[in-house]
Amino acid sequence: MPLAQKAEKKFTYADYITWPDGERWELIDGQAYNMTPAPSFRHQKIVFNFASLLRDALKGNPCVAGIAPTDVVLSESDVVQPDVFVVCDEKKITEANIQGAPDLIIEVISPATALKDKREKKALYEKHGVKEYIIVDPTDQYVERFLLEKDAHYAKGEVFGPMEVFLLVALKGIEIPLWKVFEVEEPKKNNGITS
């Protein structure tokens with residue numbers, strides 16, 4: 001079904017689950033967003049690298065990492081498929097999908113999704129209480145993180161480069177070496193200091 005036809009009304013999860021399996025859509029405030037074309041190979045490598053590092057770091061932890069295309073149902077009119085997410089409340093995990101906000105969401109931007117990821121999805125994740133929202137830029141090789149504050153709003157974004165170790169606050173201090181995410185040469189250490 002073409003996007004123009006779907007944009008005429010607000011949609012719900014009940015509508016969403018009737019759409020063809022071969023199509024990928026997200027709902028934000030009842031507005032349908034087409035997820036095609038498929039992401040680039042570089043995009044998928046970054047997703048795989050981040051998810052693999054998280055999976056290894058979460059061994060023995062009650063939190064579970066997941067990747068797209070898994071439906072995350074935030075409300076009846078908000079259904080997304082984040083690139084990478086972590087859920088620490090097992091009651092939110094069902095056989096079909098995730099019910100409620102993950103603790104951590106990572107979106108790897110592409111030219112087609114960057115604006116939506118930085119504007120609509122950031123506002124959506126803030127509204128639904130995602131504790132830590134991370135945007136990854138595979139082209140310019142940086143990570144921008146937004147942390148949910150006590151007033152339920154995201155703090156100003158923090159930016160990290162490919163030579164830094166990234167501390168995941170929502171996951172109690174799990175560290176991710178960003179050079180492994182971006183597949184760049186590991187920084188040299190001088191007397192215990194990374195340069």
For the stretch 95-114, indicate whether the set of residues that are without any contact (Cβ under 8 Å) to a residue 24 or more places away in the chain and within 15 Å of the chain's Cα centre (by Cα) is non-empty. yes
Total residues in the stretch 18-74, condition of a type in the set (Ser, Thr, Tyr) and under 17 Å from Glu120 (Cβ atoms): 1
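Applying the selection to the stretch 84-108, what residues are in a loop (DSSP other than H, G, I, E, B) and either modelled with pLDDT under 95 or loosely packed, with under 15 Cβ neighbours inside 10 Å (or both)?
So the first thing to find is which residues in the stretch 84-108 are in a loop (DSSP other than H, G, I, E, B), and the list is 88-89, 94-97, 100-103.
Matches in the stretch 84-108: Thr94, Glu95, Ala96.
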Is the stretch 54-74 home to any residue that is more than 22 Å from Ala155 (Cα to Cα), β-branched (Val, Ile, Thr), touching a Pro at 6+ places or on another chain (Cβ under 8 Å) and assigned to a helix (DSSP H, G or I)? no
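With the condition kept exactly as written, say whether any residue in the stretch 37-49 is more than 28 Å from Val169 (Cβ to Cβ), assigned to a strand (DSSP E or B) and either in contact with a strand residue (DSSP E or B) (Cβ under 8 Å, 6 or more places away or on another chain) or aromatic (Phe, Trp, Tyr) (or both). Before you say what the answer is, go through the steps one by one.
From the stretch 37-49, those more than 28 Å from Val169 (Cβ to Cβ) are 37-38, 40-41; that's our starting set.
Next, from what is left, pick out any that are assigned to a strand (DSSP E or B): none.
Scanning the stretch 37-49 turns up no residue that is more than 28 Å from Val169 (Cβ to Cβ), assigned to a strand (DSSP E or B) and either in contact with a strand residue (DSSP E or B) (Cβ under 8 Å, 6 or more places away or on another chain) or aromatic (Phe, Trp, Tyr) (or both).
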Residue list for the stretch 132-167, restricted to those being outside any strand (DSSP E or B), surrounded by 13 or more Cβ atoms within 10 Å (Cβ to Cβ) and either of a type in the set (A, V, I, L, M, F, W, C) or in contact with a His (Cβ under 9 Å, 6 or more places away or on another chain) (or both): Pro138, Met163
Only one of (1) β-branched (Val, Ile, Thr); (2) farther than 21 Å from Val143 by Cβ; (3) touching a residue at least 12 places away in the same chain (Cβ under 8 Å) does not apply to Val72, and that is (2)
Do we find that Phe11 is part of a loop (DSSP other than H, G, I, E, B), in contact with a strand residue (DSSP E or B) (Cβ under 7 Å, 6 or more places away or on another chain) and touching a residue at least 24 places away in the same chain (Cβ under 8 Å) in this structure? yes
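The values are calculated or read from the model by the stated rules, or taken from the named source; none is laboratory data. Every value quoted in this text rests on a predicted model; they were computed, and no experiment measured them. Glycine gets a Cβ as well: all are built from the backbone with ideal geometry, and neighbour counts include every protein chain shown.
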